[in-house]
Amino acid sequence: MSRWRVVLAAWMLAAAMALPSAVAYAQSGGAVRDIEVVGAQRVDAETVRSYMRVQPGDALGPRTISDALKSLFETGYFADVSIDMRGDVMVVTVAENPVVNRIAFEGNRRIDDETLGPEVQLKPRQIFTRSAAERDVKRILEIYRRSGRFAASVEAKIIELPQNRVDVAFEIDEGEQTLIEKIVFIGNEQFSDSDLVGEISSKEAAWYRFLSNDDVYDPDRVAFDREQLRAFYLSNGYVDFRVASAVAELTPDRDGFILTFTVEEGPQYTFGAISLENRLIDIPDFRLSSFLQPRTGEIYDREKVRETVDDLVDAVGASGFAFVDVQPRSTIRREEREVDLVFLVDEGPRIYVERIDIEGNLRTLDRVIRREFGIVEGDAYSPSKVARATRQVRNLGYFRKVDVSNERGSQPDRTRVTVEVEETATGEFSIGAGYSSESGGLLSLRLAERNLLGKGQTLALSTTLAEEQNQIELSFTEPYFQDQPLSVGGDVFRVTTDYDDRIINEEESTGARLRVGYKLSENWYQRWRYTISQRRTDYDESRTNFGDSDTLLSAVGHEVAYDTRDNRFNPTTGRILSIGNDLAGLGGDTQFLRTDLRGSQYFPMSKSPPVTLALSARLGAIHGLGDDVVGNDRYFLGGRSLRGFASGGVGPRTRRGVMSVIGDASLGGNYLATASAEAIFPVSFSAEDLGLQARLFAEFGTLTGIDTNLKSNEYFDDASIRGSLGFGVSWTTPLGPLRLDFAWPVMKEDFDKDETILFSIGHQF
């Protein structure tokens with residue numbers, strides 16, 4: 001029963017119970033001399049009179065009493081009202097609704113009080129009404145239905161207290177969760193059910209979805225799935241596609257839902273004529289035509305149209321036009337099953353940034369976010385700059401979610417930009433244990449804060465105790481030194497390493513490092529570093545003429561990088577190229593020049609499932625300046641740097657005997673080259689649930705050239721290419737990142753050391 005029906009019924013009942021004297025007085029047409037209020041406690045008597053439609057001196061007609069009753073009931077303050085005439089005095093007797101003292105939820109285990117509390121309308125110190133309680137019951141039931149618990153029941157219990165107060169307790173029986181038992185598609189001929197299930201966010205119930213609620217029926221999610229299906233078909237040329245219906249039905253035993261999508265695919269279309277209409281006089285057509293991605297005869301793809309619009313906006317913006325409008329205009333020729341496109345490029349409306357509002361940053365200072373934007377208040381609004389700024393804020397790693405939107409400002413040529421962020425934990429205190437096939441068992445401790453005091457600074461103390469390596473390091477980084485785009489940081493470290501398979505038995509290194517980095521342009525970066533360390537090296541005297549040595553390393557290095565990756569933590573598109581040099585010899589006992597070139601390219605190969613192809617390559621060379629390059633200054637290849645081979649298992653090695661073909665100890669090398677191709681994709685049954693990823697990879701590399709002083713010149717040094725094929729999985733576990741790779745050498749030398757399984761779990765620094 002609605003609120004108004006309750007009020008009307010109460011009003012009619014009260015009117016029917018009015019004393020005969022009041023009715024008789026009203027029928028006589030007498031006037032009201034005074035109004036007396038009885039029973040009011042919290043509500044002032046004068047306030048009660050103000051709600052009535054009768055005032056002293058008014059003549060009573062046939063509807064006066066009923067209108068007065070109706071007005072008082074509509075306020076919601078009174079549980080009962082009666083009117084009596086004592087002569088010419090109207091006596092109004094009221095019984096006030098109680099005041100809510102406390103709201104309580106009982107029986108709710110799956111949805112906590114903090115979630116339910118803001119959803120109910122009844123609040124402490126507010127007037128209680130039965131209709132409000134009934135509405136809150138319906139709202140709580142709706143919340144449970146959205147979480148998949150359609151069997152839930154809720155009852156509002158009222159506990160009366162002194163002074164006309166009540167406690168309201170919502171007794172909840174949550175019932176069992178009602179999951180999606182099956183997802184069915186009707187009308188799909190071009191794509192299988194499994195293809196379409198991969199495109200929507202709703203999933204069928206399965207035991208491994210315990211970390212997500214995608215298998216819970218949610219009407220809002222189903223509405224989103226309809227749009228996802230449309231986007232998928234439009235990206236595959238089905239312009240006329242539509243979802244005729246999306247129906248969820250309970251199974252006969254009412255313990256699950258069957259979700260049925262009825263689709264109408266229609267014919268597949270291709271791109272027809274593609275043209276450019278450029279209305280910007282200062283930019284020639286040929287400079288923009290190269291950005292047109294669609295090609296005549298290709299399958300129609302809405303994503304290509306959108307990407308072309310973004311590319312044209314960026315290209316025009318890079319030419320100095322702050323205001324540009326690119327509109328794709330399509331003509332559908334159904335008989336030919338073609339879509340003609342004209343990209344209209346024109347000067348857009350002049351819009352300026354009025355304000356930039358930042359919301360959701362509870363710890364992070366506003367300026368940490370603002371400095372990542374290429375625009376400030378008063379600048380011309382540029383969608384491309386806003387998109388780049390959004391990417392840069394995400395890459396900070398401080399936020400779980402970053403949404404940037406804009407709305408009209410105080411004037412037509414002004415816009416307000418709103419940056420809404422949801423912070424993620426940036427502090428870390430972890431004690432982890434693990435195992436690495438390279439370093440053996442390990443124990444790690446890490447104390448770190450990546451957003452110190454909300455200023456974006458990083459402070460970390462880490463230590464690792466492993467079978468073959470012990471390390472402790474303290475580091476600090478200020479990303480914006482003196483509020484300038486200059487990253488300054490420093491490290492203090494001590495590392496002790498034992499080797500079983502090299503000519504070095506043990507090495508201790510204690511030192512410090514200073515780092516400075518800055519942007520050269522939008523995608524170009526340069527970083528400088530200076531390292532000084534005291535190194536004690538214990539050589540294997542049975543294999544080399546060197547004995548124990550203490551050396552001081554003083555080296556300056558730099559790196560120039562070009563980075564267009566969409567996400568530096570988990571890239572799916574873009575590239576990173578870098579060249580770096582290290583020069584040792586500015587003081588100290590060691591002199592060399594080392595050069596490294598690295599490059600990686602990421603290609604999104606598939607949207608469903610999302611597959612990324614990563615191609616990487618590296619070239620490295622080190623030259624001694626007056627002295628030989630010795631020890632760990634050389635390159636070592638194997639393990640993570642070339643899977644399928646043991647750490648240091650590729651490259652120059654000492655012989656086990658003069659005539660032996662078996663390699664003994666790794667010498668390292670002066671010249672390094674590697675290349676790899678890796679396909680990365682989510683494991684199909686748990687892509688969203690567990691974050692489990694799989695990899696297929698092929699790797700190749702070579703290591704050659706040494707400066708050495710061995711007791712015997714008998715050693716292997718073959719520059720032939722080595723290669724391996726393999727697969728692996730990775731998963732972020734509570735103990736830290738887990739990686740498991742299986743690789744088999746397909747190109748190797750007899751003296752190389754191979755390793756099929758490469759496994760690690762736990763934090764490693």
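The values are calculated or read from the model by the stated rules, or taken from the named source; none is laboratory data. Here the structure is a predicted model, which is why all the values come from computation and not from measurement. Note that each Cβ is placed from the backbone with ideal geometry, even for glycine, and that neighbours are counted across all protein chains shown. Accessible surface areas use protein heavy atoms only, side chains included; no ligands, DNA or RNA. Shrake-Rupley method; radii C 1.70, N 1.55, O 1.52, S 1.80 Å.
Annotations for the structure displayed:
- Inside the range 105-122, residues that are surrounded by fewer than 14 Cβ atoms within 10 Å (Cβ to Cβ) and either of a type in the set (Lys, Arg) or in contact with a Ser or Thr (Cβ under 7 Å, 6 or more places away or on another chain) (or both) make up a count of 1.
- Residue identified as at pLDDT below 85, in a loop (DSSP other than H, G, I, E, B) and surrounded by 18 or more Cβ atoms within 10 Å (Cβ to Cβ) among 658, 629: 629
- Qualifying residues in the range 493-513 (those that are modelled with pLDDT under 75 and of a type in the set (A, V, I, L, M, F, W, C)) - the one farthest from the chain's Cα centre (by Cα): 503
- Under the condition of being assigned to a strand (DSSP E or B), modelled with pLDDT of 65 or more and either of a type outside the set (Lys, Arg) or under 24 Å from residue 759 (Cα atoms) (or both), the residues counted in the range 444-468 number 16.
- Residue identified as touching a Gly at 6+ places or on another chain (Cβ under 6 Å), over 26 Å from residue 611 (Cα atoms) and among the β-branched types (Val, Ile, Thr) among 251, 262, 296: 262
- Condition met for residue 245 (within 24 Å of residue 146 (Cβ to Cβ) and either in contact (Cβ under 8 Å) with a residue 12 or more places away in the chain or open to solvent by less than 80 Å² (accessible area, probe 1.4 Å) (or both)): yes
- Only one of 201, 235 that is closer than 30 Å to residue 290 by Cβ and not hydrophobic (A, V, I, L, M, F, W, C): 235
- Verdict on residue 130 being of a type outside the set (Asp, Glu) and closer than 30 Å to residue 176 by Cα: yes
- Residue 333 vs. criteria over 28 Å from the mean Cα position of the chain (by Cα), modelled with pLDDT of 90 or more and on the phi > 0 side of the Ramachandran plot: no
- Residue in the range 520-534 that is modelled with the lowest pLDDT, counting only those that are open to solvent by less than 80 Å² (accessible area, probe 1.4 Å) and outside any strand (DSSP E or B): 522
- Options 613, 586, 553; residue that is of a type in the set (A, V, I, L, M), in a loop (DSSP other than H, G, I, E, B) and modelled with pLDDT under 95: 586
- Residues that are free of Cβ contacts under 8 Å to residues at least 60 places away in the same chain and either open to solvent by 40 Å² or more (accessible area, probe 1.4 Å) or β-branched (Val, Ile, Thr) (or both) within the range 614-626 comprise 617, 618, 619, 622, 623, 625, 626, listed in sequence order.
- Residue pairs meeting the criteria (Cβ under 6 Å; at least 6 apart or on separate chains; first at positive phi, in the range 270-298; second open to solvent by less than 40 Å² (accessible area, probe 1.4 Å) and at pLDDT 90 or above): 297/270
- Residue identified as at pLDDT below 85, in contact with a Phe, Trp or Tyr (Cβ under 9 Å, 6 or more places away or on another chain) and at negative phi among 642, 738, 703: 738
- Restricting the search to strands (runs of 3 or more DSSP E) fully inside the range 142-200 and requiring at least 2 residues that are open to solvent by 70 Å² or more (accessible area, probe 1.4 Å) and under 19 Å from residue 258 (Cα atoms) gives 179-186.
- Qualifying positions in the range 741-765 - modelled with pLDDT under 80 and surrounded by 19 or more Cβ atoms within 10 Å (Cβ to Cβ): 758, 760, 761, 762, 763, 764
- The sole residue among 363, 388 that is surrounded by fewer than 16 Cβ atoms within 10 Å (Cβ to Cβ) and at pLDDT 75 or above is 363.
- A single member of 300, 352, 381 is surrounded by fewer than 18 Cβ atoms within 10 Å (Cβ to Cβ) and either at pLDDT 80 or above or of a type in the set (Phe, Trp, Tyr) (or both), and it is 352.
- Taken over the range 552-586, the residue count meeting the criterion of being more than 27 Å from the chain's Cα centre (by Cα), of a type in the set (A, V, I, L, M, F, W, C) and closer than 22 Å to residue 521 by Cβ is 2.
- Per the listing 10, 68, 24, 15, the residue uniquely at pLDDT below 70, in contact with a helix residue (DSSP H, G or I) (Cβ under 9 Å, 6 or more places away or on another chain) and either more than 25 Å from residue 120 (Cβ to Cβ) or among the acidic types (Asp, Glu) (or both) is 15.
- Those strands (runs of 3 or more DSSP E) lying entirely in the range 250-369 with at least 3 residues acidic (Asp, Glu) and more than 23 Å from residue 405 (Cβ to Cβ): 338-347
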